[in-house]
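Report on the following structure.
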Amino acid sequence: MFGPGREYNFTRPNEKGEYEIAEGISATVFRTVLDYYKTGIINCPDGISIPDLRDTCDYLCINFDFNTIRCQDLSALLHELSNDGAHKQFDHYLEELILPIMVGCAKKGERECHIVVLADEDSVDWDEDHPPPMGEEYSQILYSSKLYRFFKYIENRDVAKTVLKERGLKNIRIGIEGYPTCKEKIKRRPGGRSEVIYNYVQRPFIQMSWEKEEGKSRHVDFQCVRSKSLTNLVAAGEDVLEDQEIVMHHPPQVDELDRLNAPLSQMASNDFQD
C-alpha cells in the first residue's frame, strides 16, 4: 500500500513524511482489521457492518475472502462473495455472449439493443402470417441457460447493471418479461379476421444503449425551406425585405390548439365571431 513498487499507491506522505490512513473508517472497524496484521485473519464481531468491513479491506489492500474473514453472519459474508463472483461471471458473459449481438446491431446502424435470454431448451415458433403484435421481431434472442439462471437473481441483475455502466453504456434495463414462444390457438373475429393467441413464458431481458445524442434524436426538427431558387444576391435581399414586410403587416395567427387551451379571459373578442 505504501511501497514505491506497488502498482496502485492510494496514499501519499505529508510534509513530515507521515502517512495518514483510515480516513472515513470507524474506529471499531479499523480496530477489527488490525487483527489481520497479527494473525492473518479478521474475526468480525457482531454489530460490524460487513459492507463497511469490505470497503475497509479494499482500502487497505486486504483480500476479502473466506480465507481472511471470519464472522457469525454468514449470509452477509456470502452476499459480498457472491457480488464478487457475479461481477467476474458477468464480465465473461458480456464478452462471450452479449457483445457479439450488440456488435451485430451496431453494424446495422442501431444505437441500442434489446436481448431476450431464453433457456437452451426453449423454442420459438411464430405464425408467419400472424406474428406477435408487440414488436418482438425487433428483439434479439440469446439462448443460454447459464445466463438465464444468472439473471433470475435480483442481486445479479444489479451487479450486471453496474458492470454495464462501468463499460460506458446507458439507458440500461434488466428484468423479467413475457416472451411469446408458440401459438396456442386461433380465434375468428367478426368479419373473417383471425387472431392468434400465443403462449408466453417469463424470461430475462437486457436492454442498453450506446447512443451519444439520445436527447436530440427523439424528434424531427422542421426547417423552413424556400420553394423558389435565388439567382443572385440582389434578388435574395429583395426577398428578405419582402418577407419582413409580410411579417410586420400580418402577425402570426393563433394556433387552434393554443386557442382551445387558453383561458377565456385571454381570448380576443374576434375569436368568437366565427
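Laid out as a table, the results:
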quantity: Cβ-based net charge around Tyr36, under 14 Å, with every Lys or Arg adding one and every Asp or Glu removing one; calculated: +1
quantity: The range 87-209: relative contact order as a whole-number percent, Cα under 8 Å and 6+ apart; calculated: 31 percent
quantity: Summed residue charge, Cβ within 12 Å of Gly85's Cβ, Lys/Arg positive, Asp/Glu negative; calculated: -4
quantity: Residues whose placed amide H lies under 5 Å from that of Asp35, excluding near-sequence neighbours; calculated: none
quantity: Contour minus Cα-Cα distance for Glu15 and Leu97 (0.36 nm per residue); calculated: 24.4 nm
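No value in this document is a laboratory result; all are computed from the given coordinates. None of the values given here were measured: they were computed from a predicted structure. No Cβ is skipped: glycine too gets one built from the backbone with ideal geometry, and neighbour counts run over all protein chains shown.
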